[in-house]
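Below is one structure, written out as structure tokens; comments come after it.
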Amino acid sequence: MLTLDKAAVHRLIIVMRWLPALAAAAYLATVAVLGPELVRDVGWDTDASGPLVLAERLRGSGPVYIPHYGEWTSLWWLLATRTLPWHAQLWEATGYAFAVTAAVLLGWSMTRVAGRWAGPTAAAAALVVGPFALRSLMTVALHVTNSFTAAVLGGALLLLTRTRSWPLALAVGLLAGANAASDPLLWIAGIVPFAIAAALLARTTRRIDVALRAAITLAVSTVSAVATNLLMHGLGYHVIGLSVGLAPLHDLPANTVHLGRMVALLGGANYALPGGYPQEPLRALLALLVLSAVVAPVVAAVKLTVRRAEPTTRAYACYWGSATILLGIIFVITPNAAALGPDSANYLLTLVLAGAAGVALLAAKSRRGQFAVALAVATVGAINIAGIANGHAQIYASNPLRTYEPPLVRLLERKGMTRGYAGYWDAQNITWQSGMRLLIAPVQRCAARLCPYNFFTIRSWYEPHPGPTFLILDASNRFIAAAPGFVAGATATYRLGPLTVYLFDYDITRHIRLSAT
């Protein structure tokens, strides 16, 4: 019979407790190895490559159009670094750098709230996300500033009782306000939860200085957000396509189910996209673990409040608990998430941090709880590492553009053409993947003519320029459903798989109808 001496048992216990850190290290190693291919895959998503192309080409004139939310701080970063010789690689690494930094901030905060085990465990749990969520974190374009700023606000909440620094309160407010102007979802994901938790902290500690510094952060956040929007709109930047409303009551049950699917997708259990993964019953187990983690911050907030835990710990739990509740409510009662489909999981990236904080808080003082959480985090990490290695984070692997972009670039360069037009799903992504050798502006059909498709564009792209141009139509997505009549005057036509390329010896902007500015 196999027996273990006490020293061996002790070592086994230590290893078991620190399984999350080992899982996170393996996960980061996997991302490091596959990172270049993951980044290239994300670049085929025009929603991700559009901001990069806009920043690279933002040297023209006229209004600038950005869809849905401003992304001002991301744009500032891109513009501030675009003169660097290696800026493209820097831009592509920025998104995941934000995600890792947010996990580190969470770990730092949790160490101070709940001890040395809770900090690394929470950081690890925040890192081992599912393949779809990892894809989102690999770019600056898909709400990653929300979770980063939420981590900053969580750390600032702890420091309210540990430092009397007014400049720190001011700096956090400036950052939060600028990012809230960039992405209004931050009000729900971070700023309002900070206000709730800070009010609780000030009340339980009975410290006026805590309330005053929190009030400064919130006031500066509001002023900073308003000023940022006024500045950018005054400079000619326009946010289009953003609508906020309430979903009809009969849609709420379906929206709730959609919320559950998106939470599971964040953690790696795909019940939302074709070709679900991983195989059952692992997928059901993973979904159960992830859904339990998302509920954990709410349970922790209630438990620590009822037990009258130390004020800072209680406030920190309420911060993540309220963020979870508010994000869930907004997700369900508005129609935007259901209309967006699987991509609406990006609205919930902050829940990754909240869930990580919640499970660490609940297990911090229980040896059995620590073992259970450690095993759960390691299980999630192992499943998601396998999913990433199997290519589940690369959803554009079968995109025909990946096959036909190299011969398309060679054809147009051989013909001496660099400027052209295409549908939204082919314009900026081909531009970026070609290394900016092609400059393609997005267009759409407007009756017999074309019109700009004003997502990540500047008006000067559609003003006449000397030289030849081209038009690309893509049968795989039919964004431009049919060729406009003027293609009859093309000097040549080529077929590359689903792509039809029309070449013209003049600038076809004469056929593009511009609306009044």
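General observations
- Each residue, residue 415 and residue 80, gets one label point 7 Å from its Cα in the Cβ direction; the gap between the two is 4.2 nm.
- Across the options 486, 180, 140, the greatest Cα extent toward the positive end of the charge dipole of the chain (unit charges at beta carbon of Lys, Arg, Asp, Glu) belongs to 180.
- Binning all Cα-Cα separations of the range 400-511 at 10 Å, short to long from zero, yields these whole-percent fractions: 14, 54, 31, 1.
- Electrostatic bookkeeping for residue 513 treats Lys and Arg as +1 and Asp and Glu as -1; over the other residues with beta carbon under 11 Å from its beta carbon, the sum is +3.
- Which of 100, 501, 244 has the fewest Cβ neighbours within 10 Å, and the rest in rising order: 244, 100, 501
- The C-alpha atoms of the chain define a longest principal axis, and helix 166-182 lies at about 40 degrees to it.
- Projecting the Cα atoms of 383, 423, 508 onto the charge dipole of the range 383-517 (Cβ charges, centred on the Cα centre) puts 508 farthest toward the positive pole.
- Only Lys, Arg, Asp and Glu carry charge here, each on its Cβ (+1 for the first two, -1 for the last two); on that basis the chain has a dipole of about 1320 debye about its Cα centre.
- Given charges at beta-carbon only (K, R positive; D, E negative), |dipole| of the range 59-170 in Debye: 300 debye
- Per-residue Cβ neighbour counts within 10 Å put 320, 77 in the sequence 77, 320, beginning with the fewest.
- Around the amide H of residue 457, modelled in the peptide plane, lie the amide H atoms of 65, all under 5 Å away and 5 or more residues distant in sequence or on another chain.
- Highest mean packing first, where packing is the average number of other Cβ atoms within 10 Å per residue, the peptides 325-334, 486-495, 262-271 line up as 262-271, 325-334, 486-495.
- Cut-off 13 Å between beta-carbons: net charge of the residues surrounding residue 79, Lys and Arg +1, Asp and Glu -1: +1
- Residues whose placed amide H lies under 5 Å from that of residue 268, excluding near-sequence neighbours: 130
- Principal-axis analysis of the Cα atoms of the chain puts helix 252-267 at an angle of about 80° to the longest axis.
- Contact order, relative form, for the range 400-511: 26 percent (alpha carbon pairs under 8 Å, 6 or more residues apart, mean separation divided by residue count).
- In order along the range 443-450, the phi-based Karplus estimate (6.51 cos²θ - 1.76 cosθ + 1.60, θ = phi - 60°) of 3J(HN,Hα) comes to 9, 9, 6, 10, 6, 7, 10, 10 Hz; Gly and Pro are listed as x.
- Each peptide in 203-212, 373-382 was scored by the mean count of other Cβ atoms within 10 Å over its residues; highest first, the order is 373-382, 203-212.
- If only the Cβ of Lys and Arg carry +1 and only the Cβ of Asp and Glu carry -1, the dipole of the range 400-511 around its Cα centre is close to 80 debye.
A short reminder: the numbers here are calculations on the coordinates, not readings from a lab. Remember, predicted model here, so these are calculated numbers, not experimental data. We place every Cβ from the backbone using ideal geometry, glycine too, and count neighbours over all the protein chains shown.
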